[in-house]
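Data block below; observations after.
The values are calculated or read from the model by the stated rules, or taken from the named source; none is laboratory data. If you're wondering where the values come from, they're calculated on a predicted model, not measured in any experiment. So basically every Cβ, Gly included, is an ideal-geometry build from the backbone, and we count neighbours across all protein chains shown.
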Ligand SMILES: CC1=C(CCC(=O)O)c2cc3nc(cc4[nH]c(cc5[nH]c(cc1n2)c(C)c5CCC(=O)O)c(CCC(=O)O)c4C)C(CCC(=O)O)=C3C
Ligand SMILES: [Fe+2]
């Protein structure tokens, strides 16, 4: 997309409860109209309750804001950064009103979500489209969004660093337990989504290079949808930066499945995958011996929020430990300097201050503006929500 003189930046995120009284209202916001069974909500509520009713995500976003502001200032970019969430205060509509009241007219959004899918890309575009509509700012505030940054080197590097450290730590632990050659497996973990969402998530078919690596045809098995293919590509890129992982088996797994039981979501679940691999490698005569340790790389996530600290650090860890396996979960990008610098690089691209569009792997830099109907979701009332940052955007783009 042609560069623009953006005059405001928005950090758009998920939002999370700040105390016990917020937990249920927050979960109602997240699941409004989504057909999530009550039992699932009660279960998820316990994760927040165990943490004092506080999601870690808000503090992480405050830290991310501070780090981004410092990097923008260091590069002499004097554009204010605002914060708005989908599911909890500060909400996106109020933030857009503030941005407009402060005199800004061209907004560029950075969302805390790296890959393509309805939940991680289009829904943020809908949040903006609906907020422009509900506030009456349609046509008065332009709202764009940065490209999905899963394959930006600044997103990949922190995971590589984490994997290097995680492997060293788990090898030391196994050596200390008298099993220095113990078999390891790297699980790259991301959020499960409905398979229909995964398949709607972008250009098809699978990039030829990735098709070759995975041996999968488009539409065939784990990794054949665009969402999974992006994750497989990032996993490959991380591994290329970590020679210490040479010869260690790895796989892509999914976590945090929600939704009604009859709706298919991406599999395998990380806990099932750990159990199956432990059982498989324990049988006699298998090469490489019994599984001794697992390293989990949470490549689907930007910070150590509840889906990471509960579903991985609590549940997956317990699954591994019940099987007598050593366990390491490596860090998310959080406020890693490479990640912060990468996000600001993308902002500079959009301002026309930085030539080239950095990307690693087989997809190339993702598009700044989505294709018509990309990741489209028809709501239960039969309508499609307004969006921004797409060729078919209905609102928020008075110059197009
Ligand atoms: C792809 C994806 C990401 C990763 C990309 C990204 O980061 O954006 C993500 C992140 C997050 N998901 C989060 C929390 C929740 N997600 C839920 C439900 C759902 N997630 C989905 C997808 C994703 N979610 C989907 C398809 C649903 C079904 C309902 C629907 O279609 O919307 C529910 C409802 C209860 C449940 O069923 O789990 C909760 C509470 C939090 C906040 C954590 C915190 O508070 O620290 C974060 C960062
Ligand atoms: Fe989620």
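Output yes when any residue across the range 160-168 is within 15 Å of the chain's Cα centre (by Cα) and more than 21 Å from residue 306 (Cβ to Cβ), and no when none is.
Applying the first criterion (within 15 Å of the chain's Cα centre (by Cα)) to the range 160-168 yields none.
No; the residues of the range 160-168 include none that is within 15 Å of the chain's Cα centre (by Cα) and more than 21 Å from residue 306 (Cβ to Cβ).
Which one is nearest to ligand 1 (Cβ to nearest atom), of the residues in the range 299-308 that are within 21 Å of residue 17 (Cβ to Cβ) and part of a loop (DSSP other than H, G, I, E, B)?
Our first condition is that a residue be within 21 Å of residue 17 (Cβ to Cβ); within the range 299-308, this holds for 301-308.
Add one more test, that the residue is part of a loop (DSSP other than H, G, I, E, B), and what stays is 301-305.
On the way: 301: 6, 302: 6, 303: 8, 304: 8, 305: 3 Å.
My answer is 305.
Pick out the one residue from 63, 89, 59, 114 that is part of a loop (DSSP other than H, G, I, E, B), more than 22 Å from residue 193 (Cα to Cα), within 14 Å of ligand 1 (Cβ to nearest atom) and assigned by TED's automatic domain parsing to the domain that holds residue 137. Show your work before the answer.
On the way: 63 fails: part of a loop (DSSP other than H, G, I, E, B); 59 fails: part of a loop (DSSP other than H, G, I, E, B); 114 fails: more than 22 Å from residue 193 (Cα to Cα).
Among 63, 89, 59, 114, only 89 is part of a loop (DSSP other than H, G, I, E, B), more than 22 Å from residue 193 (Cα to Cα), within 14 Å of ligand 1 (Cβ to nearest atom) and assigned by TED's automatic domain parsing to the domain that holds residue 137.
All but one of (1) closer than 14 Å to residue 147 by Cα; (2) in contact with a helix residue (DSSP H, G or I) (Cβ under 9 Å, 6 or more places away or on another chain); (3) not in a helix (DSSP H, G or I) hold for residue 324, so report the exception by its number.
Condition not satisfied by residue 324: (1).
Checking the conditions here, which among 382, 352 is at pLDDT 95 or above and over 30 Å from residue 245 (Cα atoms)?
On the way: 382 fails: at pLDDT 95 or above.
The match here is 352.
Test of understanding: among 49, 34, which residue is over 30 Å from residue 367 (Cβ atoms) and surrounded by fewer than 18 Cβ atoms within 10 Å (Cβ to Cβ)? Quick ask: steps written out before the conclusion?
Details: 34 fails: over 30 Å from residue 367 (Cβ atoms).
Matching residue, one of 49, 34: 49.
Quickly run through the range 1-38 and pick out the residues that are touching a helix residue (DSSP H, G or I) at 6+ places or on another chain (Cβ under 7 Å), in contact (Cβ under 8 Å) with a residue 24 or more places away in the chain, more than 19 Å from residue 113 (Cα to Cα) and not in a loop (DSSP other than H, G, I, E, B).
Matches in the range 1-38: 8, 18, 20, 23.
Are there any pairs, at least 6 apart or on different chains, whose C-beta atoms fall under 6 Å, with the first in the range 39-51 and not assigned by TED's automatic domain parsing to the domain that holds residue 309 and the second surrounded by 17 or more Cβ atoms within 10 Å (Cβ to Cβ) and in a helix (DSSP H, G or I), and if so, which?
41/27; 45/23; 47/306; 48/23
Which numbered condition in (1) within 21 Å of the chain's Cα centre (by Cα); (2) modelled with pLDDT of 95 or more is the only one that residue 184 fails?
All conditions are met except number (1).
Among all residue pairs at least 6 apart or on different chains, which show Cβ distances below 6 Å where the first residue, located in the range 243-265, is within 22 Å of residue 45 (Cβ to Cβ) and assigned by TED's automatic domain parsing to the domain that holds residue 168 and the second is part of a helix (DSSP H, G or I) and more than 12 Å from ligand 2 (Cβ to nearest atom)?
From the range 243-265, the pairs are 255/270.
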